[in-house]
Amino acid sequence: MVSLFTDFSTEMVSGILPVFIVSDLGSSRTVLRVIEGSAELMSYAFRMIPSSLSDRVGNRKVFVVAGNVLSTATKPFFTKHI
């Protein structure tokens with residue numbers, strides 16, 4: 001259930017963030033593409049670190065819980081300005 005709500009809130013934020021960047025901040029679509037591409041690159045790069053650590057530790061639950069907590073804790077920072 002936690003994962004469901006985390007994914008749901010992520011999709012809510014990621015759905016309106018491009019509109020906010022282009023409309024309210026006045027950025028171009030090229031800047032938006034660079035931001036989104038960089039975010040994807042960082043997402044995939046940072047996934048490798050916890051996955052290799054969880055292989056070494058052998059306990060994936062700690063990393064899943066930490067990832068969901070971090071994701072949930074950062075959502076208010078996105079929506080505060082929107």
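Listed by first and then second residue, the pairs linking a residue in segment 58-79 that is under 16 Å from Asp7 (Cα atoms) to a residue that is of a type in the set (Asp, Glu) and assigned to a helix (DSSP H, G or I), with Cβ atoms under 7 Å apart and 6 or more places separating them unless they lie on different chains, form an empty list. Here is the figure for segment 12-63: residues that are surrounded by fewer than 10 Cβ atoms within 10 Å (Cβ to Cβ) and modelled with pLDDT under 80 total 1. Among residues of segment 15-39 that are of a type in the set (Lys, Arg), those with a Cβ under 7 angstrom from a residue that is part of a helix (DSSP H, G or I), sequence gap 6+ or separate chain, pair up as Arg29/Val22. For segment 16-57, a tally of residues being assigned to a helix (DSSP H, G or I) and more than 19 Å from Asn68 (Cα to Cα) returns 21.
The values are calculated or read from the model by the stated rules, or taken from the named source; none is laboratory data. Small disclaimer: the values here were computed from a predicted structure and weren't measured. Here the Cβ is made from the backbone with ideal geometry for all residues, glycine too, and neighbour counts use every protein chain on show.
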